[in-house]
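The values are calculated or read from the model by the stated rules, or taken from the named source; none is laboratory data. Please read all numbers here as calculations on a predicted model, not as lab measurements. All Cβ positions, even for glycine, are placed from backbone atoms using ideal geometry, and neighbour counts span all protein chains on display. Just the protein is used for accessible areas: all its heavy atoms, side chains included, with ligands, DNA and RNA removed. Shrake-Rupley method; radii C 1.70, N 1.55, O 1.52, S 1.80 Å.
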Amino acid sequence: MRLIRTVLALCLFAVAGLASATNYTLWINGRTGGGTIGDYNSFSYWGPSSTAAGVNKKAVNWDGYNSIASQSGHIRDALDCFCTGNNWCYIATHSAGDLMMGYVLANYGGSSRLKKNAVANSAGVCGNADGSSQTGWNIKWVRAASGAGGGSELADYGSWAVGDPLTKDLKTATARAMYNHNTTRNIWFYMYAASKGTAYSGILPGQDDEAVAYHSSGGVSGSSGGSYCNPSDWLCNDLTLGTAANEGGTTKWSYHSVSFRDDNEAYNHYANGNWQGIVSVVRSAMVSSAL
């Protein structure tokens, strides 16, 4: 009888543990920012907070102005809050948010993290759950809308006529040398590449969305950018879907896969405060797969 009671107690403990597990969807903004830092319900960068955008969605806001390194603590706070202990996260990024997420995983994804209780204060910091720790975070995957992990030529050539620290980080050679892009802690980055560019973006090589070219939004490896296009464009090599090498032989970074290539040139870079552009495609993917 004592054995039966012990087994029942262990089963109840296991069920309680499962019941407390929660999945979250974290949205990490790009350049310019807009949401209130520390307020995980502030979605002004993206669009109306009432819009469906994945299970238990949270806005992980940073200023979109200062350097990746100096702002990365805000992302670590959010990952500690919602992606430790029994909780797991789905991540969506936009533009420089991809550079930020890659930097955080490469540099801190193997570090010891205190498990948190998912209850944040006004600064976006959560309390400790039980005093125990774990290595890195519980992340299912990352979906990157027009990821700028490979930088942008708009930063290289001064088309963004500003001297903010983030623009300096977004120079192609700087972004690509900032961290080891292959070190994702075995977490997949699913890339969504948009191509509704304009004459304004003529200095961007190959296909682009007015701000980021395919070499970056497609996760193409290397120390510099390159010219990659849709299959219908004969003027440059194709950006391939999935993890396959691109036409011409260049490869993607490890654990990077192109999930969406804008063959119809239908989506530009900008969310416009209303979940628009390539963000709309990622939002739909988060709704259907972040459960």
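Points to keep in mind about this one:
- Annotation: Cα Rg of the range 85-141 relative to the compact-globule expectation 2.2 N^0.38 Å equals 1.20.
- Here the chain has 52 percent of its accessible surface on carbon and sulfur atoms, given a 1.4 Å probe and all protein chains in place.
- Beta-bridge orientation, the chain: approximately 25 percent antiparallel, per DSSP, counting only bridges with both partners inside.
- Which of G127, N138, H74, positive extreme of dipole for the range 43-152 (C-beta unit charges): N138
- In the context of the full set of protein chains, the chain has a per residue accessible area of 42 Å² (1.4 Å probe).
- For D263, solvent-accessible area (1.4 Å; no DNA, RNA or ligand), Å²: 70
- Membrane-span-like helices in the chain (whole DSSP H runs, Cα extent of at least 15 Å along the helix axis, mean Kyte-Doolittle hydropathy of at least 0.5): 2-19, 96-108, 278-289.
- Dipole size of the chain about its Cα centre, with +1 on Lys/Arg Cβ and -1 on Asp/Glu Cβ: approximately 1340 debye, rounded to the nearest 20.
- Total charge dipole magnitude, the range 119-273, about the Cα centre, Cβ charges on Lys, Arg, Asp, Glu only, Debye to nearest 20: 500
- The charge dipole of the range 129-177, taken about its Cα centre with unit charges on the Cβ of Lys, Arg, Asp and Glu (plus for the first two, minus for the last two), comes to roughly 160 debye.
- For the pair N274 and S44 in one chain, pulling the backbone fully straight at 0.36 nm per residue adds 81.9 nm over the alpha carbon distance.
- Computed over the Cα atoms of the chain, the ratio of the radius of gyration to the Kirkwood radius (Rg/Rh) comes to 1.02.
- Stretch gain in nm, segment N117-K140, where the contour uses 0.36 nm per residue and the Cα spacing is subtracted: 6.4 nm
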